[in-house]
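J.: Sharing a structure here in structure tokens format.
The values are calculated or read from the model by the stated rules, or taken from the named source; none is laboratory data. Since the model is a prediction, treat every value here as computed from it, not as a measurement. Here Cβ is always computed from backbone atoms with ideal geometry, including for glycine, and neighbour counts include all displayed protein chains. When the accessible area is computed, the model is the full protein with side chains, heavy atoms only, and any ligands, DNA or RNA have been set aside. Shrake-Rupley method; radii C 1.70, N 1.55, O 1.52, S 1.80 Å.
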Amino acid sequence: MLKIYHAPVTRAFRVIWVCEELGLPYEVIPVDFSAAYRASPEWRALNPVGKVPVMIDGDMTMFESCAMMQYVLDRYGDGKLQPGLASPDYPLYLQWCWFAEATFSRPLGEMTNHRREFNPPLDEVIAEMQRRARLSMQALDQALSDRPYLLGNEMSAADISNCYVMRGYRRSVSDELPTHAQAFFDRMTALPSYQRTVAADRAAVIS
Ligand SMILES: N[C@@H](CCC(=O)N[C@@H](CS)C(=O)NCC(=O)O)C(=O)O
């Protein structure tokens, strides 16, 4: 069974959601998110840069949440939640999957790191990161202006991945989303798989 090392609200949320949507069994292993534990040799052996998450499948260990998502889809997804290589939607799928982590998530993560490392945080750094995050949100809003999901009528893992980042945007930038992005967020978070993911995420606490 897939073992997903996770701390509440962090990035394995998207991997758990994909598993829930596929009906795939998985086990969540709560991780101590303290800087001290993440710097420990034990955790660094699993994630050499001391970040969360990590996933183990048999004798395979990997980090990077979007790579995990793609691994799960390719190995266990049976063609669900992603277009095939020959589909005209395939490049768009890659674009939005990479966008979620490489572009949209980036200023949000920098804001979190900055707040953690600098006390008080520099207002101009936070304002610049919010500006960048807003630009990404506008790009998503525009893309969703004529379609329910990023690729059209079919939901894909690109939607799951970006919706996860929208949660962070609501916490760190604004809980008011532009019209189409809000409709998308409402549609995605009404899914039973989302509700089950929220429950699994909340339960990922060290006992
Ligand atoms: N690109 C990585 C980013 C991992 C990441 O930044 N994880 C956050 C939690 S969501 C973390 O561990 N932050 C602690 C830090 O960067 O010091 C992924 O998608 O897995």
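J.: Looking at this structure, is Val28 closer than 20 Å to Ala200 by Cα, away from the ligand (no atom under 14 Å from the Cβ) and in contact with a strand residue (DSSP E or B) (Cβ under 8 Å, 6 or more places away or on another chain)?
T.: Judged against the criteria, Val28 is a match.
J.: I would also like to ask the following. Name the residue, out of Ser207, Ser174, that is more than 15 Å from the chain's Cα centre (by Cα), open to solvent by 10 Å² or more (accessible area, probe 1.4 Å), under 22 Å from Ala12 (Cβ atoms) and not assigned by TED's automatic domain parsing to the domain that holds Arg14. Quick ask: steps written out before the conclusion?
T.: Numbers: Ser174 fails: under 22 Å from Ala12 (Cβ atoms).
Every option except Ser207 fails the conditions.
J.: Name the residues in region 133-148 that are more than 16 Å from the ligand (Cβ to nearest atom) and surrounded by 14 or more Cβ atoms within 10 Å (Cβ to Cβ), would you? Reasoning before the result, please.
T.: In the first step, residues of region 133-148 are kept if they are more than 16 Å from the ligand (Cβ to nearest atom); the result is 134-135, 137-148.
Of everything in region 133-148, those that are more than 16 Å from the ligand (Cβ to nearest atom) and surrounded by 14 or more Cβ atoms within 10 Å (Cβ to Cβ) turn out to be Arg134, Met137, Ala139, Leu140, Asp141, Ala143, Leu144, Pro148.
J.: Please verify whether Ile160 is open to solvent by less than 30 Å² (accessible area, probe 1.4 Å) and more than 20 Å from the chain's Cα centre (by Cα), treating the condition exactly as stated. Break it down into steps so the answer makes sense when it comes.
T.: Details: open to solvent by less than 30 Å² (accessible area, probe 1.4 Å): yes; more than 20 Å from the chain's Cα centre (by Cα): no.
So Ile160 does not fit the description; no.
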